[in-house]
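Participant: Structure incoming, see below.
A short reminder: the numbers here are calculations on the coordinates, not readings from a lab. Being a predicted model, the structure only gives us computed values, none of them experimental. We place every Cβ from the backbone using ideal geometry, glycine too, and count neighbours over all the protein chains shown.
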Amino acid sequence: MRLGNWLALFVALVLAAEIARLLRQRATRRERWRRFFKHRTTSWGLGILAFLVIIALAAPLVAPFPPGDPLGIVDLKNHPPSWTFILGTDVLSRDVWSRLAWGARVSLGIGTLGALVAVSLGTLVGASAGYYRRWVDAVLMRGVDVGLALPRIFILMMAVALWDGLPFAALVLAIGLTSWLGTSRLVRAEVLSLREREFVVAARALGAQTGRIIFRHVLPNAAAPIIVSAALGVGNVLLLEASLSFLGIGVAPPNPSWGNMIADGASTIYTAPWTILFPGLAISLVVMSLNAVADGLRDALDPREEAA
Amino acid sequence: MTTPETTPALLRVRNLKTYFVTEHGTGTARAVDDVSFDLYPGETLGIVGESGCGKTVTSLSILRLVPEPPGHVLPGSLIEFEGRNLLALSAPELRAVRGNQIAMIFQEPMTSLNPVFTVGDQIAEAAIIHQHVSRSAARARAIEMLRLVGIPDPDERVDHYPHQLSGGMRQRVMIAMALVCHPKVLIADEPTTALDVTIQAQILELLDRLQHEMGMAVLLITHDLGVVAGHADRVVVMYAGRVVETASTEALFERPTHPYTEGLLAAVPRIDAPRARLHAIPGQVPAATAWPPGCRFHPRCPYAWEKCVAEEPPLLETGTPGHGARCWLVTEPERKVPQR
């Protein structure tokens, strides 16, 4: 680590703390966002996420070494954490901290994009099934049942086997396309009950068309569970990517992702535990932070709280 | 107000039949069974009846808002608005009528407003759908409508959410939503049932005032004869999915002809009558899946005789023009002797 890297890291920390503090401060003005910050863990979650996102964006600044290059295969392999290598080096003598920073891009990117694909698709399918009911519902939901019955890892392994080394976009798509089933059931249940509400009849009486009714009147009322499922979905996708990479079918080496860092370090878990401790910690931190933020979001978006 | 003989009807409902298939297809609920009436420009037509007699389904059928399935409007029914059969319109044509030419307000102001949008957004919606106005113009319209329906501080209220308003205010917002496009017909389905009495009076006065200002026709659906007496020009009394009596409001209150109407009037507490137990019509409205044979009111009618069981009367003209009753007593008035 050079002085510049330390400085960048310090700035990232301060920036993340400041973002969390600022949001919290502005939140006190509106009732809904005050509820969001009701739990202390929400601010911590938000701060940690902000920090990791900044690290990912500023990877070239905070990472002292190229993430894929072995630094010295003879004397620098499995080097314990030191001032130069703050998180140590791995079995291929690569700097763990640099890989962690660059890997944040890949892992968080896949997590966010994958969850976005999954939640959009799940919402669309769930809303159609719940609103149109009858044969649309029957066909879509039986499809979902079949999808849930098949092990996801198995499907993804088949997809990977067919492609032989997935490009990033294909990996995101593959993960997203296999992760929407739960969301679709959730949204369907919400829409089924919302479509019977009087304001939906009132909207039809105003001359609104079906698309407008679904997207403007029904779905916004289901925003709370959808957003919460998106936040939790990011964590799930992240874990899925980690397990795929661990199995060697995720992000292709030497590109670092938190998952394949764990996979690489697994063999040296006793001799160089730092190689898998830190990426594992990063994944846990993201998932826990997202859970905390999702908790806050659920409190903030619950219309029942609003009425009280 | 307007004389029915000279002006053509704005809305003509003829032989409207709306049936519901019950679960598992075991039966058919004939919720609205051969209903006909006219609505003339500028008038208020009251539709009265007990719960379950088909009032609401009639009003929903006009804008084709009956959930299908299980409900369906039978072929042969006619709902003619300005010479066009609403039942034959395509979906886009129908949407152009809904909220624009014929608007509707609902019973429950608590649940008929979308909780996640400001009242301004909801009022503006019809204007955006039908007149494609800009956002800022729509907002100005919403504020103007709020002022029109008598909501104080409309500039501020326009950004409020429904839960921040009282029940009476929400009903005012509903009215503003319905009237934003200046419809020719307003269907008000029990507009005051969920409100307390003082607010009821205010809302009905508001409707009267707006009706005069905008010159629209109102179809006022209610179970409250007091509301009808004060606000309707003509009345249609419904029972068991049928129109049993139709008359001008004065004629109905002075000379109720159908025993059901008589019973309804007797059940209203009166301030000028000696204190006594209120009259109640014995029994309940039968299930819509199994209307009684003959006159559908005969099991509850104090005057019923064999003919009423055997044959259902048509809507018979009484002496007064425009006053009809579906009762054999019109032809055999000497039979009006209580049997029980």
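Participant: Within the range B:214-223, take every residue that is of a type in the set (A, V, I, L, M, F, W, C) and crowded, with 19+ Cβ neighbours inside 10 Å and give me the one that is farthest from the chain's Cα centre (by Cα).
Facilitator: Among those that are of a type in the set (A, V, I, L, M, F, W, C) and crowded, with 19+ Cβ neighbours inside 10 Å, it is B:Met216.
Participant: A follow-up question, please. Please give the number of the condition B:Glu68 fails out of (1) touching a residue at least 12 places away in the same chain (Cβ under 8 Å); (2) within 14 Å of chain A (Cβ to nearest Cβ); (3) over 20 Å from B:Ala240 (Cα atoms).
Facilitator: The one condition B:Glu68 does not meet is (1).
Participant: From B:Gly83, B:Gly42, which residue is over 27 Å from B:Ala287 (Cα atoms) and surrounded by 18 or more Cβ atoms within 10 Å (Cβ to Cβ)?
Facilitator: On inspection, the qualifying residue turns out to be B:Gly42.
Participant: Same structure again: Of all residues being surrounded by 12 or more Cβ atoms within 10 Å (Cβ to Cβ) and of a type in the set (D, E, K, R) in the range A:130-157, which is farthest from A:Ser184 (Cα to Cα)? Just the residue, please.
Facilitator: Residue satisfying both the conditions and the ranking: A:Arg152.
Participant: Which of the residues belonging to the range B:79-124 are touching a strand residue (DSSP E or B) at 6+ places or on another chain (Cβ under 9 Å), within 12 Å of chain A (Cβ to nearest Cβ) and either without any contact (Cβ under 8 Å) to a residue 60 or more places away in the chain or assigned to a helix (DSSP H, G or I) (or both)?
Facilitator: Within the range B:79-124, B:Glu93, B:Val97, B:Arg98 qualify.
Participant: Looking at A:Gly114, A:Gly126, A:Gly68 in this structure, which one is in a helix (DSSP H, G or I) and out of contact with any Gly (no Cβ under 6 Å at 6 or more places or on another chain)?
Facilitator: Of the residues listed, the single one that is in a helix (DSSP H, G or I) and out of contact with any Gly (no Cβ under 6 Å at 6 or more places or on another chain) is A:Gly126.
Participant: So, B:Gly226, is that one touching a residue at least 40 places away in the same chain (Cβ under 8 Å) and farther than 25 Å from B:Leu265 by Cα or not? Full working, then the answer.
Facilitator: Working: touching a residue at least 40 places away in the same chain (Cβ under 8 Å): yes; farther than 25 Å from B:Leu265 by Cα: no.
So B:Gly226 fails the test.
Participant: Still on this structure, I have one more. Give the residue, chosen from B:Pro286, B:Pro338, that is outside any helix (DSSP H, G or I) and out of contact with any helix residue (DSSP H, G or I) (no Cβ under 9 Å at 6 or more places or on another chain).
Facilitator: From the options B:Pro286, B:Pro338, the qualifying one is B:Pro338.
Participant: Something else now. When you check B:Gln211 against the structure, is it buried (at least 19 other Cβ atoms within 10 Å of the Cβ), assigned to a helix (DSSP H, G or I) and either among the aliphatic types (A, V, I, L, M) or in contact with a helix residue (DSSP H, G or I) (Cβ under 7 Å, 6 or more places away or on another chain) (or both), yes or no?
Facilitator: no
Participant: Looking at the structure I just gave you, is B:Glu156 more than 29 Å from B:Ser61 (Cβ to Cβ), more than 8 Å from chain A (Cβ to nearest Cβ), within 28 Å of the chain's Cα centre (by Cα) and assigned to a helix (DSSP H, G or I)?
Facilitator: In short, no.
Participant: May I pose another question? A:Gly250 fails exactly one of the following numbered conditions: (1) over 21 Å from A:Ala159 (Cβ atoms); (2) in a loop (DSSP other than H, G, I, E, B); (3) more than 10 Å from chain B (Cβ to nearest Cβ). What is the number of that condition?
Facilitator: (1)
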